[in-house]
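I have placed the structure first, in the form of structure tokens, so that the comments after it can refer back to it.
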Amino acid sequence: MPVLSKRTEHFTDSVIRRMTRVANKYGAVNLSQGFPDFDPPQQLKDALAQVAQGSIHQYAVTWGAKNFRESLARKQAVFTGVEVDPETQIVVTCGSTEAMMASMLAVTNPGDKVIVFSPFYENYGADAILSGAEPIYVPLRPPRFGFDPEELENAFRQNPKALILCNPSNPCGKVFTREELEFIAELAIKYDVFVITDEVYEHIVYKPHKHISFASLPGVSDLTITCSSLSKTYSITGWRLGYVIAPPHITESIRKVHDFLTVGAAAPLQEAAVTALNFDTDYYRKLLGHYTEKKDFFIDGLRRIGLKFTEPQGAYYVMVDVSEFGVKDDVAFCEWMAKEVGVAAVPGSSFFKNKENSYVRFHFAKNISTLEDALKRLEKLKEKVRNGKNDGDTLAWQRRTGRVYSI
Ligand code: GLN
């Protein structure tokens, strides 16, 4: 038998996406993989219907349709104050997942080091492995998820090629302050390191916190590769529309990688999405209002149930501390919870560098009625854990370290 590549030996399939399959299997409320259960704006659906009847059904320009790039450049100028040349500085990709991967492949050589804050969005681990890069993890310490400046500078001293900055952060909901970003910028300039950002939650930042796009800081325009997407901002995760914004010489390399990875993002969807990119600022104000309501509703419920968590400053995730349950294997715990409690979450260990069993991640990008249903089920969580212990029917996740339920 021929042997498969070593590349894929060192990571599993995505635990986040696997948990969606677990949720479906047990009919659990799916608060694991972060995507909305509500529709995108009607105007956007109308635009898509109209495009379907038109003539844009063949490839767009490989790095993105001109009107999409121009609308995006206008939106960036409004929200970040940074002028972007749509002809030379934008690549439209298949989601920010491809944006990050193409950026990593364009920037790193096998063996290069890349700084990653931990906890981190699980894709970055696989991105590093696929591009042959070696992550240097710098902890964001719960419950506040701050970093130690000295620890970060030590990572910069190890001659890294790039730093990955997820802001607002998935999974911990941290929004980096201007001071923190300026400190990172200072180090990136001093040590000549690229900063690859993931800003997909840029419009979901709760007051009084503010999103500061890294590229808008002074002195970093040559080093910054901004990745983001339309998925979260317009509730269209299935459209797979993302983008990279970078200086022209970097963009040129990323465009080459992108061209051979995917050729391009879906042309009709790009065309329809122009409608969304041209929404006025009121749209974003309302979006934030909706997410603020969901966050408050969900965390108030968690508080009522007596679960410990860190209130998110941005994005739509909340990390719940489950250490009181003595969880030894959070993957098994999440599978048990989906089956027995009827709510699916992502095991925190998929986001941390070190083996960590103290957290599970819930998302709240759901209708209030869905969140209400989830909270009602979670009210039984403590009791079910307790009963499992009391009647001798010790929960399977406590008995063994291996998998309990097959996925
Ligand atoms: N970003 C979302 C999450 O973390 C969904 C990820 C994905 O499946 N692309 O849950």
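Counting only residues that are among the hydroxyl-bearing types (Ser, Thr, Tyr) and within 12 Å of the ligand (Cβ to nearest atom), the stretch 229-246 holds 3 of them. Scanning the stretch 346-376 for residues that are surrounded by fewer than 18 Cβ atoms within 10 Å (Cβ to Cβ) and either of a type outside the set (S, T, N, Q) or more than 22 Å from residue 205 (Cα to Cα) (or both) turns up 353, 354, 355, 356, 368, 369, 372, 373, 376. Among the conditions (1) of a type outside the set (A, V, I, L, M, F, W, C); (2) over 24 Å from the mean Cα position of the chain (by Cα); (3) open to solvent by 40 Å² or more (accessible area, probe 1.4 Å); (4) more than 26 Å from residue 16 (Cα to Cα), residue 268 misses just one, which is (3).
Quick one: would you say residue 281 is modelled with pLDDT of 95 or more, within 16 Å of the ligand (Cβ to nearest atom) and out of contact with any strand residue (DSSP E or B) (no Cβ under 6 Å at 6 or more places or on another chain)? Here the answer is no, as residue 281 does not meet what is asked. Among the conditions (1) among the aliphatic types (A, V, I, L, M); (2) within 16 Å of the ligand (Cβ to nearest atom); (3) touching a His at 6+ places or on another chain (Cβ under 7 Å), residue 91 misses just one, which is (2). The set of residues in the stretch 118-149 being open to solvent by less than 20 Å² (accessible area, probe 1.4 Å), farther than 20 Å from residue 106 by Cβ and of a type in the set (Ser, Thr, Tyr) consists of 118 alone. Taken over the stretch 289-331, the criterion of being open to solvent by 40 Å² or more (accessible area, probe 1.4 Å), of a type in the set (Asp, Glu) and over 20 Å from the mean Cα position of the chain (by Cα) is satisfied by 293, 296, 300, 324. Close contacts from the stretch 213-235, counting a first residue that is closer than 11 Å to residue 202 by Cβ and in a loop (DSSP other than H, G, I, E, B) and a second that is acidic (Asp, Glu) and within 13 Å of the ligand (Cβ to nearest atom), with Cβ to Cβ under 9 Å and a gap of 6+ residues or different chains, come to 213/199. Within the stretch 191-198, does at least one residue satisfy the condition of being open to solvent by 10 Å² or more (accessible area, probe 1.4 Å) and not in a strand (DSSP E or B)? Yes, the stretch 191-198 contains at least one residue that is open to solvent by 10 Å² or more (accessible area, probe 1.4 Å) and not in a strand (DSSP E or B). Residue count for the stretch 335-357, restricted to those that are within 16 Å of the ligand (Cβ to nearest atom), touching a Ser or Thr at 6+ places or on another chain (Cβ under 6 Å) and of a type outside the set (Gly, Ala, Ser): 2.
Considering the stretch 69-158, the qualifying strands (runs of 3 or more DSSP E), each wholly inside and each with 3 or more residues that are under 16 Å from the mean Cα position of the chain (by Cα) and touching a residue at least 12 places away in the same chain (Cβ under 8 Å), run over 113-118. Residue count for the stretch 13-31, restricted to those that are buried (at least 20 other Cβ atoms within 10 Å of the Cβ) and either among the polar types (S, T, N, Q) or within 8 Å of the ligand (Cβ to nearest atom) (or both): 2. Residues in the stretch 150-173 that are surrounded by 14 or more Cβ atoms within 10 Å (Cβ to Cβ) and away from the ligand (no atom under 16 Å from the Cβ): 152, 153, 155, 156, 160, 161, 162, 163. Check whether at least one residue in the stretch 50-63 is open to solvent by 70 Å² or more (accessible area, probe 1.4 Å), part of a helix (DSSP H, G or I), modelled with pLDDT of 95 or more and within 11 Å of residue 270 (Cβ to Cβ), and report yes or no. Looking for residues that are open to solvent by 70 Å² or more (accessible area, probe 1.4 Å), part of a helix (DSSP H, G or I), modelled with pLDDT of 95 or more and within 11 Å of residue 270 (Cβ to Cβ), one finds none in the stretch 50-63, hence no. Taking (1) aromatic (Phe, Trp, Tyr); (2) outside any helix (DSSP H, G or I); (3) over 26 Å from residue 126 (Cα atoms) in turn, residue 298 satisfies each apart from (2). Going by the structure shown, is residue 34 of a type outside the set (Val, Ile, Thr), within 16 Å of the ligand (Cβ to nearest atom) and surrounded by 19 or more Cβ atoms within 10 Å (Cβ to Cβ)? Yes.
Counting the residues of the stretch 94-106 that are more than 15 Å from the ligand (Cβ to nearest atom) and open to solvent by 10 Å² or more (accessible area, probe 1.4 Å) gives 2.
The values are calculated or read from the model by the stated rules, or taken from the named source; none is laboratory data. Computed from a prediction, not measured in an experiment: that's the story for all the values here. Reconstructed Cβ throughout: ideal geometry from the backbone, glycine too, with neighbour counts over all protein chains shown. For the accessible areas, the whole protein counts, side chains as well, though only heavy atoms, and no ligand, DNA or RNA atoms are used. Shrake-Rupley method; radii C 1.70, N 1.55, O 1.52, S 1.80 Å.
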